[in-house]
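> Structure incoming, see below.
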Amino acid sequence: PPEVAGYELSSYYEPCELLGGDLFQFADAGEGRTGLLVADVSGHGTEAAMLMAMTLKSFAARAPGRPSPADVLCRVARDMAADLPRGKFITAFYAILEHGSGTVLYARAGHNPAMLVDPERGSVLQLSDNGLAIGVAEPKLFESKLVEGIAKLPLGASLLLYTDGLVEARDPSGDPFGEARLEETLQREAAGASHTILEELIEDLRLHTGSGAKEDDVTLLLVKRTDLIPA
């Protein structure tokens, strides 16, 4: 993760096979702004990894200097339209953090909602504005359905982006980890450093799943506001 004054950024990635379809990336979205992307190609293994690499290349070309997450995802969707095999799709959550104000612009393309944790309020807010996954519809329909949202990251608050391999991971009896457990861990560890929050989350996940085989890739990206900086 890049170093951003006033913030801590941490990430975690674990594929369920040698090659995976999850991806995360950071972008310079213009002066005083950092882009945060987490995405998930349907399936896993070699084909998913190939599509993941293509998605990363498109994002790396489209994101720099662009302050609108919806605009970036629409451009990526157009790039990928001709290359996605029938039945394959990509979910994505792209957020752009404005360093000075803590404002977060975001767009959700069929992906799990991000979690905004505010320890002062004792709350976890899901950023769940609408949007289709890339590849389930032609680009014009994708663009018409994508909603750009806005949130604020106050001092001490954290924002978690993740893939469904986290909440869908099952224990030996088939019970998924779920969003409720995720929110409980985030609230319990809200005062910790960004890397500590992720470490505790992964530990809770391992305690839940035990020694069973992993069914999906798990990717986490967390940003925590630690200081106020001049706007």
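> So how many residues does segment 143-166 have that are farther than 23 Å from PRO1 by Cα and surrounded by fewer than 20 Cβ atoms within 10 Å (Cβ to Cβ)?
Summing the residues that are farther than 23 Å from PRO1 by Cα and surrounded by fewer than 20 Cβ atoms within 10 Å (Cβ to Cβ) in segment 143-166 gives 6.
> All but one of (1) touching a Leu at 6+ places or on another chain (Cβ under 8 Å); (2) closer than 14 Å to VAL147 by Cα; (3) surrounded by fewer than 23 Cβ atoms within 10 Å (Cβ to Cβ); (4) not acidic (Asp, Glu) hold for GLY102; state the number of the condition that does not hold.
GLY102 satisfies every listed condition except (2).
> Among the residues of segment 143-162, write down those that are under 16 Å from GLY131 (Cα atoms) and among the hydroxyl-bearing types (Ser, Thr, Tyr).
SER144
> Within segment 30-56, how many residues are farther than 16 Å from ASP216 by Cβ and either surrounded by fewer than 23 Cβ atoms within 10 Å (Cβ to Cβ) or of a type in the set (Gly, Ala, Ser) (or both)?
Matching residues across segment 30-56 total 10.
> Could you tell me whether ASP204 is more than 18 Å from the chain's Cα centre (by Cα) and within 22 Å of PRO15 (Cβ to Cβ)?
Spelling it out, ASP204 is indeed more than 18 Å from the chain's Cα centre (by Cα) and within 22 Å of PRO15 (Cβ to Cβ).
> Please go through segment 65-93 and give me each residue that is hydrophobic (A, V, I, L, M, F, W, C), modelled with pLDDT of 90 or more and open to solvent by 50 Å² or more (accessible area, probe 1.4 Å), ordered by number.
Those that are hydrophobic (A, V, I, L, M, F, W, C), modelled with pLDDT of 90 or more and open to solvent by 50 Å² or more (accessible area, probe 1.4 Å): ALA81, PHE89.
> Can I ask one more? Mind checking whether some residue in segment 171-193 is in contact (Cβ under 8 Å) with a residue 24 or more places away in the chain, buried (at least 19 other Cβ atoms within 10 Å of the Cβ) and not hydrophobic (A, V, I, L, M, F, W, C)?
Among the residues of segment 171-193, not one is in contact (Cβ under 8 Å) with a residue 24 or more places away in the chain, buried (at least 19 other Cβ atoms within 10 Å of the Cβ) and not hydrophobic (A, V, I, L, M, F, W, C), which makes the answer no.
> Against the definition (part of a loop (DSSP other than H, G, I, E, B) and more than 21 Å from ASP216 (Cβ to Cβ)), how does GLY192 come out, yes or no?
Taking the combined requirement at face value, the residue satisfies it.
> Further, regarding this structure: Yes or no: GLY135 surrounded by fewer than 18 Cβ atoms within 10 Å (Cβ to Cβ) and on the phi > 0 side of the Ramachandran plot?
no
> Take the residues in segment 105-126 that are within 27 Å of ASP28 (Cβ to Cβ) and of a type in the set (A, V, I, L, M, F, W, C), then tell me which one is surrounded by the most Cβ atoms within 10 Å (Cβ to Cβ).
Out of the qualifying residues, it is ALA109.
The values are calculated or read from the model by the stated rules, or taken from the named source; none is laboratory data. None of these values were measured; they are calculated from a predicted model. FYI the Cβ positions are ideal-geometry reconstructions off the backbone, even for glycines, and counts take in every protein chain you see. Keep in mind that these areas ignore ligands, DNA and RNA; they rest on the heavy atoms of the full protein, side chains included. Shrake-Rupley method; radii C 1.70, N 1.55, O 1.52, S 1.80 Å.
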